[in-house]
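Written below as structure tokens is the structure these notes are about.
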Amino acid sequence: MTSHDFGPIFGGARVMVILRDLPPQETVRLANRAWDLGIDVVEVPVRTPEAMDALRAAVVAGRERNRIVGAGTVFSPARVRQAASAGAAFTVAPGLDLAVADAALSYGIPHLPGVATPTEAQRARDHGLIWLKAFPAVSLGPRWFTAVVGPLPELRFVATGGIDAGNAADFLAAGVKVVAVGSALSDPTQIDRLAELARGGRDTATSRT
């Protein structure tokens with residue numbers, strides 16, 4: 001990987017799972033559950049030293065199934081280094097820090113920065129960051145994406161923050177490429193619906209990345 005292109009990572013995937021603040025064993029269990037359901041992309045936020053252990057465990061489990069795992073809450077070059085050493089395939093941040101993006105690229109892994117305004121989105125684009133995490137998505141609303149993509153059509157958005165099976169389809173319909181779902185994965189009433197979303201656009205979404 002020599003750029004911040006997430007096309008090869010997401011492929012036709014429309015759902016990414018975020019496994020936050022869980023012990024390594026539970027992280028691996030839920031990652032395997034997601035993979036079994038056809039949700040291929042997993043992010044493990046690394047806000048604490050314990051979370052790094054969970055990331056390492058998920059990376060090992062992913063390698064056994066030919067699946068990749070990324071590191072979230074990566075907002076410093078030092079944390080990029082830790083995530084890279086743990087085997088993360090990509091990094092994600094809540095905000096836009098170009099130094100963090102450059103650090104990730106120096107390790108050969110793409111970075112997904114968080115944005116919440118057109119100014120941030122344009123700044124990221126001008127730095128070669130086309131795939132962006134819109135956060136908090138539920139506060140921005142689906143119409144935000146339609147409006148921003150109008151003048152910046154080359155951008156690809158991952159909607160994160162407050163997404164669940166009840167509103168994910170609205171964001172996808174607004175042009176979001178991927179929805180990132182956290183706690184909803186542990187809710188049995190939402191699992192099947194999320195899995196259906198993950199599978200539904202797998203073939204057609206690839207041509208739009």
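The values are calculated or read from the model by the stated rules, or taken from the named source; none is laboratory data. Note that the structure is predicted; figures quoted are calculated from it, not measured. For neighbour counting, all protein chains shown are included, and Cβ atoms are generated from backbone atoms with ideal geometry for every residue, glycine included. Just the protein is used for accessible areas: all its heavy atoms, side chains included, with ligands, DNA and RNA removed. Shrake-Rupley method; radii C 1.70, N 1.55, O 1.52, S 1.80 Å.
Reported to the nearest whole Å, the Cα centre-to-centre distance from the stretch 4-27 to the stretch 106-178 is 16.
Taken over the stretch 71-144, the ratio of Cα radius of gyration to 2.2 N^0.38 Å equals 1.08. Accessible surface area normalised per residue over the chain is 43 Å², counting heavy atoms of protein chains with a 1.4 Å rolling probe. Solvent-free Debye calculation, one equal scatterer per alpha-carbon of the chain: log10 I(q)/I(0) at 0.08, 0.13, 0.16 Å⁻¹ equals -0.23, -0.64, -1.01. Please compute the net charge surrounding Ala89, taking Lys and Arg as +1 and Asp and Glu as -1 over other residues with Cβ under 14 Å from its Cβ. Taking every Cβ under 14 Å from that of Ala89, the sum is +1.
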